[in-house]
Amino acid sequence: MNVCIRKIPRTQDEEVQIRCHVVTKSVRELEMLIKSRQERLEGTRDGRSYAITLLDIYYVEAVDHRVFAYLKDDVYQLKMKLYEFETAYGENSFFRCSKAVIINLMKIQSLKPALNGRFSASMRNGEEVIISRKFVGELKDRLQKGKCNDR
């Protein structure tokens, strides 16, 4: 596969073209990755609204009926329920790892076994996220299938 990058004048719109013989699952995943780089969510912090880039999110957590997005150094409240986030972005690099947490697989630095069949994910921002044993098998399958090789 050839990759071509061309600079264009600022007066033209940027675009990405994928030319292929067959639209495979890998091509669809590439399309979703490119689209998710541009996707933004609205988050609030200290009474102000901010645009959050989807792939800057390390994990999303539900606490006391509120949903928070954790970025490298900041935390924002989202105006959606956890299941809504999972439905909208679960096919991207996001994975539900417990009842209250959805993790961005591309932000995991390392995984290690924890107590009682659970796993602990060390995130690139230094935080630890527990993956409950109910989701460990599915996580292993997803990582082995290469759904997030771009970590």
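The values are calculated or read from the model by the stated rules, or taken from the named source; none is laboratory data. As the structure is a computational prediction, the values presented were derived from the model and not from experiment. Don't worry about glycine lacking a Cβ; one is built from the backbone with ideal geometry, like all the others, and counts go over all protein chains shown.
Being out of contact with any strand residue (DSSP E or B) (no Cβ under 6 Å at 6 or more places or on another chain) and not basic (K, R) narrows it down to one of Y59, Y76, Y70, Y89, so name that one. Only one candidate passes the filter, namely Y89. Taking Y89, is it without any contact (Cβ under 8 Å) to a residue 12 or more places away in the chain and under 16 Å from the mean Cα position of the chain (by Cα)? In short, no.
Name the single residue, out of those in region 42-53 being in contact with an Asp or Glu (Cβ under 9 Å, 6 or more places away or on another chain) and either over 10 Å from L71 (Cα atoms) or at pLDDT 95 or above (or both), that is surrounded by the fewest Cβ atoms within 10 Å (Cβ to Cβ). Talk me through it step by step, then tell me what you get.
Initially, region 42-53 is screened for residues in contact with an Asp or Glu (Cβ under 9 Å, 6 or more places away or on another chain), giving 43, 45, 49-53.
From what is left, the residues that are either over 10 Å from L71 (Cα atoms) or at pLDDT 95 or above (or both) are 43, 45, 49-51.
On the way: G43: 21, R45: 14, S49: 11, Y50: 14, A51: 8.
Among residues in region 42-53 that are in contact with an Asp or Glu (Cβ under 9 Å, 6 or more places away or on another chain) and either over 10 Å from L71 (Cα atoms) or at pLDDT 95 or above (or both), the one surrounded by the fewest Cβ atoms within 10 Å (Cβ to Cβ) is A51.
Here S26 meets the list (1) hydroxyl-bearing (S, T, Y); (2) more than 12 Å from the chain's Cα centre (by Cα); (3) at pLDDT 90 or above almost entirely, failing just condition (3). Taken together, the residues in region 62-79 that are crowded, with 19+ Cβ neighbours inside 10 Å and under 13 Å from the mean Cα position of the chain (by Cα) amount to 2.
Under the condition of being hydroxyl-bearing (S, T, Y) and in a helix (DSSP H, G or I), the residues counted in region 3-47 number 2. With respect to the conditions (1) under 16 Å from E61 (Cβ atoms); (2) of a type outside the set (D, E); (3) at pLDDT below 95, S110 falls short on a single one, namely (1).
Looking only at region 17-39, how many residues end up being of a type outside the set (S, T, N, Q) and either surrounded by fewer than 10 Cβ atoms within 10 Å (Cβ to Cβ) or in contact with a Ser or Thr (Cβ under 6 Å, 6 or more places away or on another chain) (or both)?
Let us first name the residues in region 17-39 that are of a type outside the set (S, T, N, Q), namely 18-23, 25, 27-35, 37, 39.
This time we only want the ones that are either surrounded by fewer than 10 Cβ atoms within 10 Å (Cβ to Cβ) or in contact with a Ser or Thr (Cβ under 6 Å, 6 or more places away or on another chain) (or both), so: 19, 21-22, 25.
Count: 4.
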